[in-house]
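Report on the structure given below.
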């Protein structure tokens, strides 16, 4: 059972990064729980609380980014009941204006099993310096 749950969370986490890479807010809408307690902390940003504020942060990112590609490394996945978390390093290549920008972010993604879906309830990214 735990192996199956880890596989489900692995797919949910991949769906999150697929939505992120697509820069498509409709896809991002589908991977998040639309609840008042969801939270998001982007690198260098203040905390966003509640689905409307979290969604608005994604709209801002998507409107100011031309392309984004992730290679995930150091992935750890844990499941405890209906809560799961993924810790990973995001190796990001993005295009902003006419420049390619490479960066690394240490991310924590928290998922809750709601019905038969694993939906994101928290994303926190911290830049890796050096």
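Can you tell me which residues in the range 69-82 are surrounded by 15 or more Cβ atoms within 10 Å (Cβ to Cβ) and either outside any strand (DSSP E or B) or over 13 Å from the mean Cα position of the chain (by Cα) (or both)?
77, 79
Considering (1) touching a residue at least 12 places away in the same chain (Cβ under 8 Å); (2) in a strand (DSSP E or B); (3) out of contact with any helix residue (DSSP H, G or I) (no Cβ under 7 Å at 6 or more places or on another chain), say which one residue 57 fails and leave the rest.
Result: residue 57 fails condition (2) only.
In this structure, does residue 93 turn out to be exposed (fewer than 14 other Cβ atoms within 10 Å of the Cβ) and either out of contact with any helix residue (DSSP H, G or I) (no Cβ under 6 Å at 6 or more places or on another chain) or outside any strand (DSSP E or B) (or both)? Before you say what the answer is, go through the steps one by one.
Numbers: exposed (fewer than 14 other Cβ atoms within 10 Å of the Cβ): yes; either out of contact with any helix residue (DSSP H, G or I) (no Cβ under 6 Å at 6 or more places or on another chain) or outside any strand (DSSP E or B) (or both): yes.
So residue 93 fits the description; yes.
Conditions first: (1) at pLDDT 95 or above; (2) out of contact with any helix residue (DSSP H, G or I) (no Cβ under 6 Å at 6 or more places or on another chain). Residue 86 passes all but one, so which condition is the exception?
For residue 86, the failing item is (2).
Mind checking which residues of the range 96-114 are outside any strand (DSSP E or B) and on the phi < 0 side of the Ramachandran plot?
98
Going by the conditions given, is residue 35 touching a helix residue (DSSP H, G or I) at 6+ places or on another chain (Cβ under 9 Å), surrounded by 12 or more Cβ atoms within 10 Å (Cβ to Cβ) and farther than 22 Å from residue 113 by Cα? Don't jump to the end; show me each part of the working.
Numbers: touching a helix residue (DSSP H, G or I) at 6+ places or on another chain (Cβ under 9 Å): yes; surrounded by 12 or more Cβ atoms within 10 Å (Cβ to Cβ): yes; farther than 22 Å from residue 113 by Cα: no.
Considered against the rule, which asks whether it is touching a helix residue (DSSP H, G or I) at 6+ places or on another chain (Cβ under 9 Å), surrounded by 12 or more Cβ atoms within 10 Å (Cβ to Cβ) and farther than 22 Å from residue 113 by Cα, residue 35 comes out as no.
Quickly run through the range 12-32 and pick out the residues that are in contact (Cβ under 8 Å) with a residue 40 or more places away in the chain and out of contact with any helix residue (DSSP H, G or I) (no Cβ under 8 Å at 6 or more places or on another chain). Step through it out loud before you land on a result.
Quick first cut of the range 12-32, residues in contact (Cβ under 8 Å) with a residue 40 or more places away in the chain only: 12-13, 16-17, 20-21, 23, 31-32.
Within the range 12-32, 13, 17, 21 qualify.
Return yes when residue 101 is at pLDDT below 95 and either more than 26 Å from residue 33 (Cβ to Cβ) or surrounded by 16 or more Cβ atoms within 10 Å (Cβ to Cβ) (or both) and no when it is not. Lay out the reasoning, then the answer.
On the way: at pLDDT below 95: yes; either more than 26 Å from residue 33 (Cβ to Cβ) or surrounded by 16 or more Cβ atoms within 10 Å (Cβ to Cβ) (or both): yes.
Taking the combined requirement at face value, the residue satisfies it.
The values are calculated or read from the model by the stated rules, or taken from the named source; none is laboratory data. Only a predicted model underlies this, so the values are computations on that prediction, with no experimental measurement involved. Every residue, glycine as well, gets a Cβ built from its backbone with ideal geometry; the counts of neighbours run over all protein chains shown.
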